[in-house]
Amino acid sequence: MNISTPRSQEESGSRPSFLSPARTTLASIPPYLWVFIAILFGFIIMAIFAPLFAPNDPTTQNLLGRMKAPGSVIRGVSYIFGSDELGRDVLSRIIYGARASMSVAVLSVCLSGVIGILAGLLAAYCRGWVESAVMRLVDMMLSIPALLFAVITVAVLGPGFINVVLVLGLTRWTRYARVVYGQALGLMPQPYVRYARFVGTPALSIMCRHLLPNVFGQVVVVATLEFGSMVLFEAGLSFLGLGVQPPTPSWGAMMNVGRHYLDTAWWIAGFPGLCLFLLVLSVNIIGDHLRDRLDPRLR
């Protein structure tokens, strides 16, 4: 009876493929998604290094170059995206406006995320009257139109960068709270959580070491989707004159000014609106992909 021994890899010509988790994850990303990742990454780099990318000062006025079409050159100043009603470079204002919009969005997402995570974990862990009080507050906040509540609050507190961040952060935490509460509530009967409570582990340690790591994936998905909403809210408030105040450029304020000149100078509102559309679309599509990857029920 002949027993054939396995041939070496050199003889068989086959080599086992060992892919690292990072390469496997990158390989699973659809090709079209790289386009939106590149767009989002481009906006982030543009916002961080705005002084390096802006061809002109976004606040410098040039009355001789008012409302010039894209590609115009006036006294050695090139207006690639045209100029606005005061002769300011639209491209430079878009670049600096990305910094304002994304700064508000990032800070608002961080603030609302921290508040929502704490509220959701407390409601799931403590139960009883704490759970009822937190979730009824969430229901009450969700029953109020978010944009209307933000407009009223900003109108009372006054416009400005800090006030916009506070208003958006304090009005958008409810979505985090509901997601974290639902996920953490399902983790409470798990053996490792019950054992930690039985041996007297402090509540804060249980929430940080056992509950939070298991709900963090869903929190990342919510934060990604909320980032796009925050950008839209900031643009809407600036459009109404309640957001970032002049002379700081803002996409919403630029569109508010440009709506008066749509017939003669469409680029004043057109290019900021296009950038806003691309940024929010990219964030939403990336957020949908993260939800599909991180949600075990959808995999």
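Projecting label points 7 angstrom from Cα along Cα→Cβ for residue 126 and residue 263 puts them 6.0 nm apart. Calculated FRET efficiency, residue 185 to residue 281, Cβ-Cβ distance, R0 = 30 Å: about 0.35 to the nearest 0.05. Under the criterion of Cα pairs below 8 Å and six or more residues apart, the relative contact order for segment 145-299 equals 24 percent. Counting only protein heavy atoms, what percent of the accessible surface of segment 40-181 is carbon or sulfur at a 1.4 Å probe? Accessible surface attributable to carbon and sulfur in segment 40-181 totals 71 percent.
Applying 1/(1 + (r/R0)^6) with R0 = 22 Å to the Cβ-Cβ distance of residue 274 and residue 73, what FRET efficiency is obtained, to the nearest 0.05?
Working: r = 23 Å, r/R0 = 1.03.
E between residue 274 and residue 73, to the nearest 0.05, is 0.45.
Taking a Cβ cut-off of under 10 Å around residue 265, the surrounding Lys, Arg, Asp and Glu residues balance to a net charge of -1, with basic ones at +1 and acidic ones at -1. In terms of accessible area, using a 1.4 Å probe and ignoring ligands and nucleic acids, 59, 264 rank largest first as 264, 59.
Against the chain, whose longest principal axis comes from its Cα atoms, helix 161-171 is set at around 40 degrees. Note on the chain: with a GNM built from Cα contacts shorter than 10 Å, the maximum mean-square fluctuation among 99, 175, 209 falls on 209. Taking every DSSP helix (H) stretch of at least 4 residues in the chain, weighting each as -39,500 (n - 2.57) and dividing the sum by the residue count yields a mean residue ellipticity at 222 nm of -21500 deg cm²/dmol.
Computed from Cα positions, the angle between helix 174-187 and the longest principal axis of the chain comes to roughly 10 degrees.
With 5 Å bins beginning at zero, the pair-distance distribution over Cα atoms of segment 190-299 amounts to 2, 11, 14, 13, 11, 10, 9, 8, 7, 5, 4, 3, 1, 1, 0 %.
Suppose R0 equals 30 Å; then what is the FRET efficiency for residue 44 and residue 245 from their Cβ-Cβ distance, rounded to the nearest 0.05? Let's see the in-between values first.
Values: r = 24 Å, r/R0 = 0.80.
About 0.80, to the nearest 0.05.
The values are calculated or read from the model by the stated rules, or taken from the named source; none is laboratory data. Quick caveat: nothing in here was measured; it's all calculated off a predicted structure. Positions of Cβ are generated from backbone atoms using ideal geometry, with glycine treated the same way; all protein chains shown enter the neighbour counts. Note: areas computed on protein heavy atoms with side chains; ligands, DNA, RNA excluded. Shrake-Rupley method; radii C 1.70, N 1.55, O 1.52, S 1.80 Å.
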